[in-house]
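Undergrad: The following block contains the structure, expressed as structure tokens.
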Amino acid sequence: MNRSFLIIFIPALLVAAMYLALGIYPPKRVEIGLAVVVAAIAAYRLKVMLDVRKADIRKAKPSSAPANS
């Protein structure tokens, strides 16, 4: 992530947490939008993890063939 994004995002997250602690809740459309963003990030992370696992399997040496007797 870009550093300037984090400079804005972290204080905004803290302000949102303070509002929730005070009992001030956002409208439903904000909650739905946040849920969509979280789901998209989770899907992306899952895709990346699966791609890394596939790459690791391709790099692994194939096992030796069983001996014929």
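The values are calculated or read from the model by the stated rules, or taken from the named source; none is laboratory data. Because the structure is predicted, anything quoted here is derived from the model rather than measured. Don't worry about glycine lacking a Cβ; one is built from the backbone with ideal geometry, like all the others, and counts go over all protein chains shown.
Undergrad: Report whether or not F9 is surrounded by fewer than 10 Cβ atoms within 10 Å (Cβ to Cβ) and part of a helix (DSSP H, G or I).
TA: Values: surrounded by fewer than 10 Cβ atoms within 10 Å (Cβ to Cβ): no; part of a helix (DSSP H, G or I): yes.
So F9 does not fit the description; no.
Undergrad: May I ask you to list the residues in the stretch 17-33 that are modelled with pLDDT under 90 and hydrophobic (A, V, I, L, M, F, W, C)?
TA: Those that are modelled with pLDDT under 90 and hydrophobic (A, V, I, L, M, F, W, C): L20, I24, V30.
Undergrad: For the stretch 19-31, give me each residue that is assigned to a helix (DSSP H, G or I) and loosely packed, with under 10 Cβ neighbours inside 10 Å. Don't jump to the end; show me each part of the working.
TA: Kept after step one, since they are assigned to a helix (DSSP H, G or I), are these residues of the stretch 19-31: 19-22, 28-31.
Result: A21, L22, K28, R29.
Undergrad: Could you give me the residue pairs with C-beta distances under 9 Å whose first residue belongs to the stretch 18-31 and is in contact (Cβ under 8 Å) with a residue 60 or more places away in the chain, whose second residue is surrounded by fewer than 10 Cβ atoms within 10 Å (Cβ to Cβ) and not in a helix (DSSP H, G or I) wherever it lies, and which are 6+ apart or on separate chains?
TA: Here the result reads none, with nothing in the stretch 18-31 linked to a residue that is surrounded by fewer than 10 Cβ atoms within 10 Å (Cβ to Cβ) and not in a helix (DSSP H, G or I).
Undergrad: Quick check on the stretch 38-47. Is at least one of its residues modelled with pLDDT under 90, part of a helix (DSSP H, G or I) and not aliphatic (A, V, I, L, M)?
TA: We begin by selecting, within the stretch 38-47, every residue modelled with pLDDT under 90; these are none.
Among the residues of the stretch 38-47, not one is modelled with pLDDT under 90, part of a helix (DSSP H, G or I) and not aliphatic (A, V, I, L, M), which makes the answer no.
Undergrad: Here's a follow-up. Residues of the stretch 19-52 being closer than 18 Å to F9 by Cβ and small (G, A, S), which ones?
TA: G33, A35, A40, A42
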